[in-house]
Amino acid sequence: MATLWRLSVLCGAREGRALHHAGSMAASLHWTGERVVSVLLLGLLPAAYLNPCSVMDYSLAATLTLHSPWGTGQLVTDHVHGDAVQKAAKTALLVLSAFTFAGLCYVNYHDVGICKVVAMLWKL
């Protein structure tokens, strides 16, 4: 019985209850979306290196802006305690992500683009 309790705690259940919530389908879709974006980045990064163009620049802007806050949001969820502080941290993360996406789009539209910026940095 103690082993079953430890297993339920490790899996995230509290007080022996199973994790069957109404939002489990949304959580499953979110998890799948995170994995899809991660796999897309694995192919997108070499493709952007081999074929730098505006389509790659905007694709990188979108996927990087999705991928980074999802991981950072999990860090906030795991390590920031207190509802008000956690809500403030997630709001700040959302604002930072919006500015990041806007900045990357600005570089793509008004400057040389993300791919060429990275290539220029590698030449340094």
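The values are calculated or read from the model by the stated rules, or taken from the named source; none is laboratory data. Because the structure is a prediction, the values reported are computed rather than measured. Cβ sites come from the backbone with ideal geometry, for glycine too, and all protein chains shown count toward neighbours. Heads up: the accessible areas ignore ligands, DNA and RNA and are worked out on the full protein's heavy atoms, side chains in. Shrake-Rupley method; radii C 1.70, N 1.55, O 1.52, S 1.80 Å.
When LEU40 is tested against (1) open to solvent by 90 Å² or more (accessible area, probe 1.4 Å); (2) in contact with a helix residue (DSSP H, G or I) (Cβ under 9 Å, 6 or more places away or on another chain); (3) of a type outside the set (Phe, Trp, Tyr); (4) not in a helix (DSSP H, G or I), exactly one condition is not met: (4).
Number of residues in the range 78-99 that are open to solvent by less than 60 Å² (accessible area, probe 1.4 Å) and polar (S, T, N, Q): the value is 2.
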